[in-house]
Structure formats: C-alpha cells, structure tokens
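Here the structure comes first, spelled out in structure tokens, and everything after it is commentary.
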Amino acid sequence: MTHDLIVIGAGPAGMAAAFTAASLGLKTVLLDEQPGAGGQIYQNVTRADANVAALLGPDYMHGRTLADQMMRSGVEVRHGALVWDVARDLTVTALQDNRSFQLRSPQLIAATGAMERASPLPGWTLPGVLNAGATQIALKRAAAVPSVPVVLAGAGPLLLLVACQLLDAGVVVAGIVETSPSANRAAALRHLPAALTAPEYLLKGLRMIRRLRSARIPWFKQATNLAVEGKTQAEALRFSSGGRLHRIEAGVVLLHHGVVPNTQLSRLLRVEHDWDDAQLAWSPRVDTWGQTSLTGFRIAGDGTSIAGALAAEASGALAAVGAAHAMQRLSDDERHQRAAPLMRALARQLRIRPFLDALYRPPEWINVPADATVVCRCEEVTAGRVREMARLGCQGPNQTKFFSRCGMGPCQGRICGLGVTQILARELGKSPADVGAYRIRAPLKPVPMSSLASLAGKVHENTMT
Amino acid sequence: MFRTIITASTRPAIELRVDGRTIEAHEGDTLAVALLSAGVTAFRHTPVSGEPRAPLCLMGVCFDCLVEVDGRQNVQSCMVEAQSGMQVRLPTGARRAEESA
C-alpha cells in the first residue's frame, strides 16, 4: 500500500474528500487530470483572470476557499495525472508527464463528476455547435467567449446561467430556445412545496429570468424539430415553436439538456448501477458514505447522481468520514458526530432536485432521436442504424457495437452511451436497466504505449507492498 | 469563433504554429481555446466521412478536438496547454501508422 486513501478528481467533492481525510489523519493523495484545482465547476479558480472572477461572482470564487483549504491540509496533490485504470484491488494506474505509475490504497474515492448530456439533433456535429457548459469552461480557463452571435437551445438552469454570463461578457445572444415539453410544468408543480423550503435556488432562477427578459432576448418555449443549418460550420438554428417555424442566425449554437454522472470509472470497476428515471441516467449504487458494491471503492459528488457543487462538497466529506471509519480511525459515535452537519447540508441541497429534474426533463426526441440523426459522433452511426440492429436481434449496446462500431471510437461511448441504451430499450420494449450499458475497459483514455515502459518492473513491487 | 476578454493581461502572449501559420495565444490557454480564438473552424476531418469537426465539450469527453501536437497524434487539445513554439497539425482522416524509431 502506498497510501491510506486515493482521491480521483479535484472538483468540490474531491477537494472536500481530500482535506477531510487529511484532517482525520489519513495519508491521502489526490490525482487530477487538470493542471490546477477546481474540477469543471471551479475550473482554473486558483488563477482565473480578475475580470473573469468578477464576472462569475462568489459562487465560482467559493472554489478558491476549497482549494486553499486543501492546500493547507497537507494532502499530496498531483495535477496533470490522468487515471487510466483502476483494478478491483484498487490499484490505480495513472499517466503523468508521459510516464505511467501505480498507487494503491485500501480506500479509494472517485470524485469524477458529471458531464453534459448529449443533445443529438440534425446538424449537431457541425463546427460551432458546442455544449453550453463548454463556453463556461472557455471563459474560466482562457477568458474567451464567442465572437459571433450565439443561440442557446435546450433546457436547464445551466442554459439560463450561461446565457446571463455571456450577456455580461458582451456576447450577442440571438435567442434562447427552450425544449421542455409543456407537460413538465405540471409534473414539476408537485415538487414545488419541497423546493420552497430551500428557496435560494428558486430566487437565483428568477433573477436570471428577469435579467434575460430585461435584455429582450428572443425567447422561445416548447420548441421541437430543432436542426442546425450550415455547410461546413453552424450558420443558423431552425425549429418549430408556438405552431410556427423559426430560424435564428448564429455562428455558435450552444446545446444543453442537463448534466449526467460520468460513469466511466464505476463501469470499469463493474459496480452496481441503477437507472434513474427522474434524471434519465445511470447512477452507481452507493450508501451514505459513498460506498459502492465494491469494498473500499467510494464515489462522491455528481458522479453518483446530479445534485450540484455544494451537495458534492458535503458528499465528498461524508465519503472521507466513511473511509476513516472503515480504517478504524473513527468510532461509530465519532462518525455520527462528524456526519450530522454534513448530512443536514446535503439534505438542504437536495430539496430542489425533484423540482428541477421534473421541470427540465429532456424531451423524448433528445433521448430517442429520429432515425437520420447521428448518435455516435465518433463512428457516425445514426439512431436508425441502432434501431435496425435491434430488429436484427441485438439485445444490448455491447452487441450493437460489434455490428456497427457504435461506441467504439475515441470517446469510448461517453457521448452516445445513454442514447443508445434508451433507443434499444424503446425498440426492444425493455427497461434501460435490462438493456444495460457499454462495457468499459482500460485504458479509460488512450495512452501512449511508450508511457507503459515506466511501469516495467514496478508493477509487482507496488502492488505487493 | 471565440475572442479573449482579458483587459489587463496578466498572462504573457505566446506564439504557436498551426499548419504552418503563426497564431497568438496567452500562456495558460488550453490549446483548443487558443485554436478557436485564432479562427480555426474545423479542427479535423473525420476518418469515417471526412466531415469537419470542432470541439463539442471542451472538457475531455467528446474527443472531437483531437489534433497533432509536436508530432504526437490524436491529442485532446482541450486537455493540454498552449505552449510557445508548439507545432500543431490539423488531422484529416485516420491517424498515420507510426514510423518505427
């Protein structure tokens, strides 16, 4: 064993897990693919340009508090370290500076976060079509914003937040095209009383809506038949709304239909996953302490279920408390004392979730797109081709892979996975849980063969200590 | 397609080469954002149909930002920092077989 605890990912869950574990006396190392702390939500927060920090405000700058706390805690932090394999004995293999190395600990916390749900629609592979969150990353990381008019399409709090931030940065927002079906409102209303018990998010939402309304941004609701037009790059978004056809010219089209857990690592380790029908995504099964079905392997934050940055922070700390308890560093009583305030904070963060999940549930045609739409961007496989394979007898996504290469390109099924599962489930008359997901294997990302040389002779030594 | 909104630059300007053309970026920019800000529209043309692609996610998930960096093929340009003097090639089709060293 090289450490008591390995944490993967330096977003809110990973940072909180790391400094909590260190405060409990665990010898902890944190591995993160990025050059600095923050994950996606607080990306680049320790060295963001001043005007970007001012533009993004205190919600973003909170990440600096977490990063400072982590630095002070004495945790060993290794940035630029890409974890590309984790064995079932929790041996972690990572790549840093073109060399692969291995670490091993009895407890492992994956804080690998979320990614944006794919929004497959005609024309979405054109240059100029990005996920809405991508522009936030360009802003945080490089103080860059679109230089041409943008149109935002989809549904969710992030869509409105990005629209506001782009406006504040002086970008021309040519339109907002919301795709939530009208039925979502009624479904969401049921969850409004619970959401009102923690009203800060609702107030934030209302402020954003007011901001966008006062800027007189053309705003369309319940849009359908979305398609991006363009020959070699995005030129316009066309759609139907209110019984009419519309076309908005824009060189950048930003798509967003919520975020989903990134399950590459949990799938690699073959732990139990459930299909979450409210979030339309896979959710690795965990207990209060982030413990999965594999002893010692824990998941914290949005990698289990989407709940946001502040919930991730509490969940990371809870996973660390669980790890310390499992290693007999905390008694049952001490664990309870540490956990109580964290669980209260987490519960408060979760109150608005059912409301948001129902209000912004993505429309049917995003989850099961029309036949001609490309679902697998890497291998350019259409939804129709996936359906055809189901009719030919394919029972799940690992079979459709064999026949079409769907999910076998460089992204390793990250983008198309949820869509292919849902298309097959519909076509076969089964539940997504019965259809299953892509089998994920190492390496989690392509690594140069030459990087393996540094492992020679050390594999044995590290795994045996 | 993108532009910088830095007012007082705390990050020095750097130069890199893209398919023989010199572009400017700022230290700390990811290569993907540097390319987008330099007016690169298509980062690559796909091996399957040859259609143009550019980044979708900018967070290491979509692999549509793959370019060649200093002779290394299929590098996720959103996951590496732009460096002074970097030589970038925008790929067309499948990766070339590596020549033996």
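Derivation of every value follows stated rules applied to the coordinates shown; laboratory data play no part. Predicted model only: the values in this text are computed from it and were never measured. Reconstructed Cβ throughout: ideal geometry from the backbone, glycine too, with neighbour counts over all protein chains shown.
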For this session: Taking Cβ-Cβ under 4.7 Å as the only way to count a partner, pick out the unpartnered cysteines of chain A.
Result: A:Cys164, A:Cys378, A:Cys394, A:Cys411
Problem set entry | Rounded tilt (10° steps) of A:332-350 against the dominant C-alpha axis of chain A | 10
Exercise. Any idea what the relative contact order of chain A is, in percent, if you count C-alpha pairs under 8 Å spaced at least 6 apart?
Worked result: 19
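Nothing charged except the Cβ atoms of Lys and Arg (+1) and of Asp and Glu (-1): what's the magnitude of the dipole of the protein assembly as shown about its Cα centre? Round to the nearest 20 debye.
920
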Problem set entry | Share of alpha-carbon pairs per 5 Å distance bin for region B:13-89, given as whole % | 3, 18, 30, 28, 15, 5, 1, 0
For this session: Determine, from the Cβ-Cβ distance of A:Arg216 and A:Ala54 and an R0 of 35 Å, the FRET efficiency 1/(1 + (r/R0)^6), rounded to the nearest 0.05.
Result: 0.90
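What does the average come to when, for each residue of peptide A:411-421, you count the partner chain Cβ atoms lying within 10 Å of its Cβ?
2
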For this session: Write out the chymotrypsin sites (Phe, Trp or Tyr not before Pro) in region A:343-397 meeting two conditions: DSSP loop, and at most 13 other Cβ atoms within 10 Å of their Cβ.
Result: none
Exercise. Residue by residue, what Karplus-based ³J(HN,Hα) values in Hz, rounded to whole numbers, does region A:242-259 have, using 6.51, -1.76 and 1.60 with θ = phi - 60° and x for Gly and Pro?
Worked result: x, x, 10, 8, 10, 9, 10, 6, 6, x, 10, 10, 9, 9, 7, 10, x, 10
Seminar exercise, completed: Per the helix-only model, chain B has a calculated mean residue ellipticity at 222 nm (DSSP H runs of ≥4, -39500 (n - 2.57) each, divided over all residues, rounded to the nearest 500) of -1500 deg cm²/dmol
Exercise. For region B:13-89, what's the relative contact order in percent, using C-alpha pairs closer than 8 Å and at least 6 residues apart?
Worked result: 37
Seminar exercise, completed: Projected onto their principal axes, the Cα atoms of region A:8-96 stretch, largest extent first, over whole-Å spans of 45, 28, 16
Problem set entry | Selected from B:Ala32, B:Gly85, B:Pro47, residue furthest toward positive end of dipole (region B:13-89; charges at beta carbon) | B:Pro47
Problem set entry | Descending Cα extents along the principal axes, region A:86-206, whole Å | 49, 41, 30
Problem set entry | Residue-by-residue Karplus 3J(HN,Hα) for region A:116-126, coefficients 6.51, -1.76, 1.60, Hz, glycine and proline x | 6, 4, 5, 10, x, 8, x, x, 6, 8, 5
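Could you please report the charge total around A:Leu350, scoring K, R as +1 and D, E as -1 over all other residues with beta-carbon less than 12 angstrom from its beta-carbon?
Working: positive: A:Arg344, A:Arg348, A:Arg351, A:Arg353; negative: A:Asp357.
Net charge around A:Leu350: +3.
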For this session: Give, as a single signed number, the net charge of other residues whose beta carbon lies under 13 Å from the beta carbon of A:Thr263, with Lys and Arg counted +1 and Asp and Glu -1.
Result: +2
For this session: Please go through region B:1-98 and write out the trypsin sites (Lys or Arg not before Pro) that DSSP classes as loop and that have at most 14 other C-beta atoms within 10 Å.
Result: B:Arg95, B:Arg96
Seminar exercise, completed: So, relative contact order of region A:268-309 in percent, Cα under 8 Å, 6 or more apart, is 29
For this session: Note down the nm distance, to one decimal, between modelled labels 7 Å out along Cα→Cβ at A:Val172 and at A:Arg405.
Result: 4.0
Exercise. If you look at just the Cα atoms of the protein assembly as shown, how large are its Rg and its Dmax in Å?
Worked result: 22.7, 68
For this session: Work out the FRET efficiency for A:Arg426 and A:Thr232 from their Cβ-Cβ distance, taking R0 = 35 Å, and round it to the nearest 0.05.
Result: 0.55
For this session: Show that you can apply the helix-only estimate: for chain A, add -39,500 (n - 2.57) for every DSSP H stretch of four or more residues, divide by all residues, and state [θ] at 222 nm to the nearest 500.
Result: -11500 deg cm²/dmol
For this session: For the pairs A:Lys231/A:Lys401; A:Lys401/A:Lys445; A:Lys401/A:Lys430, note any where the Cα-Cα span goes beyond 22 Å.
Result: A:Lys231/A:Lys401
For this session: Convert each backbone phi in region A:64-71 into a coupling constant with the Karplus relation 6.51 cos²θ - 1.76 cosθ + 1.60 (shift: θ = phi - 60°), then list the ³J(HN,Hα) values in order as whole Hz, x for Gly and Pro.
Result: 5, 4, 5, 5, 4, 4, 5, 4
Seminar exercise, completed: Mean Cβ-within-10 Å packing, highest first, puts peptides A:203-210, A:392-399 in the order A:392-399, A:203-210
Problem set entry | Cα centroid separation - region A:192-221 against region A:120-168, whole Å | 19
Exercise. Pairing the Cα long axis of helix A:200-214 with the longest principal axis of chain A, what angle in degrees results, from 0 to 90 and rounded to the nearest 10?
Worked result: 30
For this session: Relative to the longest principal axis of the C-alpha atoms of chain A, give the angle of the C-alpha long axis of helix A:132-142, reported between 0 and 90° and rounded to the nearest 10°.
Result: 60
Exercise. For B:Ala13 and A:Ser293, FRET efficiency with R0 = 51 Å and r from the beta-carbon atoms, rounded to 0.05?
Worked result: 0.50
Seminar exercise, completed: The answer for the net charge of residues other than B:Cys62 whose Cβ lies under 10 angstrom from its Cβ, with Lys and Arg +1 and Asp and Glu -1, is +1
Problem set entry | Pairwise centroid distance, computed over Cα atoms, of region B:28-62 with region A:382-403, Å | 29
